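Values quoted throughout were computed directly from the atomic coordinates according to the rules given, and no laboratory measurement underlies them. Note that this is a predicted model, so its numbers are computed, not measured. Using ideal geometry, Cβ is built from the backbone for each residue, glycine included, and neighbour counts are taken over all protein chains shown.
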Amino acid sequence: MIHDERVTWLNEAPSALARPHVLYWMQQAQRAQCNHALEYAIEQANRLDKPLWAVFALTDSFPEANARHYQFMLEGLTETQAALRERGIPLVVRRGAPPEVALEAAADAALLVMDGGYLRVQREWRRQIAEHAPCPVAEVESDVIVPVRTVSNKEEYAARTIRPKLHKHLDRFLVPLKSRTLRQRDWTPPLPGEDLSDIGALVKQLNIDHSVPPSPAHRGGYGAAQEQLGAFLEHRLSRYATERNDPNAGAESHMSPYLHFGQIAPLEIALTVQDAAEPHTEACVEAYLEELVVRRELSMNFVWYNPAYDQFAGLPDWARRTLAEHANVPRDYVYDRAAWEAADTHDPYWNAAQLEMVKTGKMHNYMRMYWGKKILEWSATPEEAFETALYLNNKYELDGRDPNSFAGVAWCFGKHDRPWAERPVFGKVRYMNAAGLRRKFDANAYAAAVDAL
């Protein structure tokens, strides 16, 4: 079902029914399955009795993206292109700035459908396209369970404030999406695209940061996402509630990179996890859906309503004030960005977390919290710490540059949290230490496992 709240008409361009096709500009939802924007585009093409084609803009200038991110993304797009071809929808991956590519492709379109994006750059692309498109433009949200503006019309303070607002709508939105059949399937796209048969060679051609190599541990694409999800349901879901904070237990889902690139829908994950529920896993299902729905969509709310989501100024007033009050407190250690990036600190657990991220493109979520807290504690200023954490996260994590990432880094500095007991450096921002790690799990075993990677 495609709820009306998912669809936003972005311009008032005159009807263009005489034009020969409908266009889907794919950007955030990079998949052929459980994609509301795609299904809406098919629905509209059938209504107009026209063929449909899709275009993806391969830009060299997405902020902070590098070869690791592009390799993973293109692995997914190759699979998506093949899946769409089977549905009679050509997908052209065309190199260029997204607004330019989308507008070029829409020159002869009766209608332009696009998926929803939440970051500043994504919203600006959509604004430019809607402003200059020669046809009506519809945006369809497909990468959240409940559309952001349906949940709330303001920035929410914390999970506890957004949770009841989300749950009020869950029964209505947590429903399967029917796959539609395109009637007019004979269509040759008017524009050429990139050859995806050799992803490695294509990545090398891009004018991007090549200093971070592709992840040896994680492969992109819907098929890989399904494999991970299946393994999670079979081997890890039943332990999720009790062991998810232990990096040695391997109880996490590993869905975040696939969600970041839109290679699998949160709706599909949520419905699949719900269907797999058994009496002994109900608490685990509830714990996982709290992360997938409440925490993840809190981050969407954050980047949507807070224009400074990637800046120290975007933190709550109380957090910035208390950190400022302790800014001149002497630190036991102070590291610069080069030391952080090289994992060259006195703390073997922090070093291990950094190296796990650098080596694999992913860091265990609990270690990610500790990692951010220690950057705050051992940087010259809280502002410098914030910039360092965001830089490292966005550079090495496969799910960097994501609403979840921006919210996660900000959480380490007090966002979506409350004031705690006051202490040096942190002020009233929540504190974490190595002793706490050792109480929760075998931190030395974790460090040894990362060293052996």
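Tabulated results
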quantity: Cα gyration tensor shape for the range 182-241, rounded if a/c is under 1.5, else prolate or oblate; calculated: oblate
quantity: The range 4-143: equivalent-ellipsoid semi-axes (sqrt of 5 x gyration tensor eigenvalues, Cα, Å); calculated: 22, 17, 14
quantity: Ordering of 197-203, 238-244 by packing [mean C-beta count within 10 Å, highest first]; calculated: 238-244, 197-203
quantity: Pair LYS204, ASP275: separation of 7 Å Cα→Cβ label points (nm); calculated: 4.2
quantity: Enclosed volume per residue, in Å³, of the convex hull spanned by Cα atoms of the chain; calculated: 141
quantity: Residue order, fewest to most beta carbons within 10 Å, for HIS235, HIS218; calculated: HIS235, HIS218
quantity: Top positive-direction residue, dipole computed over the chain with Cβ charges, set PRO99, THR8, ALA342; calculated: THR8
quantity: Acute angle (nearest 10 degrees) that the helix 365-377 long axis makes with the longest principal axis of the chain, alpha-carbon atoms; calculated: 60
quantity: C-alpha long axis of helix 296-305 to longest principal axis of the chain, angle in °; calculated: 80
quantity: Share of alpha-carbon pairs per 10 Å distance bin for the range 307-379, given as whole %; calculated: 17, 43, 35, 6
quantity: GLU139, GLU131, GLU5 arranged by Cβ crowding within 10 Å, fewest neighbours leading; calculated: GLU131, GLU5, GLU139
quantity: Check: the range 312-451 dipole with +1 on Lys, Arg Cβ and -1 on Asp, Glu Cβ, in debye; calculated: 460
quantity: Cα gyration tensor, the range 301-341 - rounded (a/c under 1.5), prolate or oblate; calculated: oblate
quantity: Inter-centroid distance (Cα atoms) of the range 73-118 relative to the range 409-453, Å; calculated: 42
quantity: Calculated FRET efficiency for the pair TYR333/ARG172, C-beta based, R₀ 56 Å, to 0.05; calculated: 0.65
quantity: Cβ charges +1 (Lys, Arg) and -1 (Asp, Glu), total dipole of the chain, debye; calculated: 660
quantity: Residue-averaged 222 nm ellipticity for the chain, from DSSP H runs of 4+ at -39500 (n - 2.57), nearest 500; calculated: -13500 deg cm²/dmol
quantity: Cα gyration tensor, the range 172-275 - rounded (a/c under 1.5), prolate or oblate; calculated: oblate
quantity: Whole-angstrom gap from the range 27-68 to the range 350-406, using each part's C-alpha centre; calculated: 30
